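Visitor: Got a structure here, written out as structure tokens. Questions coming.
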Amino acid sequence: MKLKEFQKQLKEQNIDYVILVSPDPNLTYFTQRSFSHAISIISGNDVHLFITKLDSFPRSTGWRISYLTKDWEKEFSQVKANTIGINYGSLTIGYLEKFKRIFPKAVFRDISKIVADLRAEKTTDEITLISK
């Protein structure tokens, strides 16, 4: 819901990309959807969502949509990043180790406080949804 504001903070904090892996609640928050399995890569200018063929997501949202394939790690390795934000509170050790192999030169930063602070203040739309 506050994706543009989040992207602005990424630029200010010099974070090249944030990777969120379902069932991270922040992925659900930004997409307003639950997935059987999904991984998102968010930069200051772009949002890319990788989903399974079991899931769907409207292309009209502005997110680039791709399907997770068995070669997803190779696809991700094409992303060039110095600093990658991850939510340490939600990411499994297995995924952290995979990302460290995929991005061996990147520095990983915990973005959990950034997202928590962003989500703490509710918009009018969020208050309406909560009220329902």
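The values are calculated or read from the model by the stated rules, or taken from the named source; none is laboratory data. All of these numbers come straight from a predicted model, not from anything done at the bench. Positions of Cβ are backbone-derived with ideal geometry, glycine not excepted, and every protein chain shown enters the neighbour counts. Just so you know, the surface numbers come from the protein's heavy atoms only, side chains and all, with ligands and any DNA or RNA stripped out. Shrake-Rupley method; radii C 1.70, N 1.55, O 1.52, S 1.80 Å.
Visitor: May I ask you to list the residues in region 13-30 that are over 17 Å from Val79 (Cα atoms) and surrounded by fewer than 16 Cβ atoms within 10 Å (Cβ to Cβ)?
Guide: Gln13, Pro23, Pro25, Thr28
Visitor: Look through region 76-96, keep the residues that are over 18 Å from Ser22 (Cβ atoms) and open to solvent by 30 Å² or more (accessible area, probe 1.4 Å), and return whichever of them is nearest to the chain's Cα centre (by Cα).
Guide: The extreme case among them is Val79.
Visitor: Next up: Scanning for something without any contact (Cβ under 8 Å) to a residue 60 or more places away in the chain, in contact with a strand residue (DSSP E or B) (Cβ under 8 Å, 6 or more places away or on another chain), under 21 Å from Asn14 (Cα atoms) and open to solvent by less than 80 Å² (accessible area, probe 1.4 Å), does region 112-124 turn up at least one residue?
Guide: Looking for residues that are without any contact (Cβ under 8 Å) to a residue 60 or more places away in the chain, in contact with a strand residue (DSSP E or B) (Cβ under 8 Å, 6 or more places away or on another chain), under 21 Å from Asn14 (Cα atoms) and open to solvent by less than 80 Å² (accessible area, probe 1.4 Å), one finds none in region 112-124, hence no.
Visitor: Looking at (1) open to solvent by less than 30 Å² (accessible area, probe 1.4 Å); (2) assigned to a loop (DSSP other than H, G, I, E, B), which is the only condition Leu10 fails?
Guide: The failed condition is (2).
Visitor: Something else now. When the residues of region 31-75 are narrowed to those that are in a helix (DSSP H, G or I) and closer than 21 Å to Leu96 by Cα, which ends up least open to solvent (accessible area, probe 1.4 Å)?
Guide: Filtering region 31-75 for residues that are in a helix (DSSP H, G or I) and closer than 21 Å to Leu96 by Cα, the one least open to solvent (accessible area, probe 1.4 Å) comes out as Trp72.
Visitor: Looking only at region 1-17, count every residue that is acidic (Asp, Glu) and touching a residue at least 40 places away in the same chain (Cβ under 8 Å) and tell me the total.
Guide: Count: 2.
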